[in-house]
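Visitor: I'd like to ask you about the structure that follows.
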Amino acid sequence: MSTGSGIAGVHPAIAGAVPVLRARDHRFFTGMAIAATLTVFAGFARTYYLRSAFGSPELTTLLHVHGALSTSWILLFLTQTSLVSARRTDLHRRLGVAGGALVVAVMVAGYLTAIAGARRGAAPQGAASPLAFLSVPIGTVLVFGILAGAGLYWRRRSETHKRLMLLATITILTPAIARVPRWFGPGGPPYTIGGTCLFVVACMAYDRAAHGRIHPAFLWGGLFLMLSLPLRFAVGNTDTWLPVARWLTE
């Protein structure tokens with residue numbers, strides 16, 4: 001039964017607030033998608049997007065594929081948030097099918113790239129060894145898969161779905177965040193972890209300010225993501241990990 005205006009069975013004041021909150025959500029998620037896109041571009045401009053301008057070395061076919069797939073995910077997320085803002089949920093759902101396939105492709109390419117890097121001895125300055133550092137990209141692939149997979153599983157719960165997909169996107173920003181300091185000076189794990197956590201904290205702060213509480217997807221998914229960051233670095237320095245890394249790279 002209608003109360004005279006607004007949504008049936010809902011107090012008019014509450015019904016009137018719903019469109020405002022939705023519009024605010026649209027702006028936030030689109031803004032975060034834009035921030036993610038700019039972060040990836042800034043992090044990989046020298047070595048990928050503007051490689052020729054900086055005279056960076058040629059990339060292998062695998063790195064090109066990995067870069068193209070990761071970029072596709074970022075652009076897809078930006079497109080999806082824009083479609084929801086434009087109320088084109090029909091197209092959003094159709095593209096979601098491609099998104100599911102892209103999750104798998106990004107994970108496979110990320111894993112293969114990490115293994116290839118360890119085999120050729122690639123590791124950032126300060127890493128104990130390429131095999132020790134391998135736990136970081138492997139951990140990133142796993143966390144991305146878990147969050148994106150959960151987001152796809154709860155795709156019919158829009159509030160949960162969109163938050164988990166944003167967290168999955170933030171997960172793969174970590175390699176870009178690690179490279180941004182190269183424009184200014186050395187970075188390292190504290191910068192990488194802190195930069196990634198800043199995105200997650202922004203999500204939680206937005207929910208608290210806009211909705212009065214942190215949605216469980218942002219709370220538990222965000223805590224899972226943040227706690228996994230130092231763990232990825234710590235695991236690589238354990239005696240248990242090195243035999244696993246050697247087996248993976250054989």
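Visitor: Of (1) closer than 18 Å to Arg246 by Cβ; (2) among the hydroxyl-bearing types (Ser, Thr, Tyr); (3) buried (at least 16 other Cβ atoms within 10 Å of the Cβ), Ser70 satisfies all except one. Which?
Guide: That leaves (1) as the condition not met.
Visitor: Being assigned to a helix (DSSP H, G or I), surrounded by fewer than 19 Cβ atoms within 10 Å (Cβ to Cβ) and not acidic (Asp, Glu) is true for just one of Ile115, Ile138. Which residue is that?
Guide: Step by step, each of Ile115, Ile138 is checked, and only Ile115 is assigned to a helix (DSSP H, G or I), surrounded by fewer than 19 Cβ atoms within 10 Å (Cβ to Cβ) and not acidic (Asp, Glu).
Visitor: Another one. Of these, Arg163, Arg155, which one is at pLDDT 95 or above, under 18 Å from the mean Cα position of the chain (by Cα) and farther than 21 Å from Thr60 by Cα?
Guide: Arg163
Visitor: Please state which one of Arg22, Arg27, Arg87 is more than 27 Å from Val108 (Cβ to Cβ), loosely packed, with under 15 Cβ neighbours inside 10 Å and at pLDDT 85 or above.
Guide: Of the residues listed, the single one that is more than 27 Å from Val108 (Cβ to Cβ), loosely packed, with under 15 Cβ neighbours inside 10 Å and at pLDDT 85 or above is Arg27.
Visitor: Do you know which of the residues in region 214-242 that are modelled with pLDDT of 95 or more and not in a helix (DSSP H, G or I) is surrounded by the fewest Cβ atoms within 10 Å (Cβ to Cβ)?
Guide: In this case the residue turns out to be Ile214.
Visitor: Kindly establish whether Ala245 is assigned to a helix (DSSP H, G or I), in contact (Cβ under 8 Å) with a residue 60 or more places away in the chain, more than 18 Å from the chain's Cα centre (by Cα) and loosely packed, with under 15 Cβ neighbours inside 10 Å.
Guide: Details: assigned to a helix (DSSP H, G or I): yes; in contact (Cβ under 8 Å) with a residue 60 or more places away in the chain: yes; more than 18 Å from the chain's Cα centre (by Cα): yes; loosely packed, with under 15 Cβ neighbours inside 10 Å: no.
Considered against the rule, which asks whether it is assigned to a helix (DSSP H, G or I), in contact (Cβ under 8 Å) with a residue 60 or more places away in the chain, more than 18 Å from the chain's Cα centre (by Cα) and loosely packed, with under 15 Cβ neighbours inside 10 Å, Ala245 comes out as no.
Visitor: Does Val104 qualify as being at pLDDT 95 or above, in a helix (DSSP H, G or I) and exposed (fewer than 15 other Cβ atoms within 10 Å of the Cβ)? Write out each step before concluding.
Guide: Working: at pLDDT 95 or above: yes; in a helix (DSSP H, G or I): yes; exposed (fewer than 15 other Cβ atoms within 10 Å of the Cβ): yes.
Yes; evaluated as a whole, the condition is true for this residue.
Visitor: If you don't mind, there's one more thing I want to ask. Show the residue pairs that are 6+ apart or on different chains and have beta-carbon atoms under 7 Å apart, the first residue being within region 159-170 and in contact (Cβ under 8 Å) with a residue 60 or more places away in the chain, the second being of a type in the set (Val, Ile, Thr).
Guide: Thr169/Ile74; Ile170/Thr196; Ile170/Val200
The values are calculated or read from the model by the stated rules, or taken from the named source; none is laboratory data. Fair warning: this is a prediction, and the values are worked out from it, not measured in the lab. Ideal geometry is used to build each Cβ from the backbone, glycine not excepted, and the neighbour counts take in all protein chains shown.
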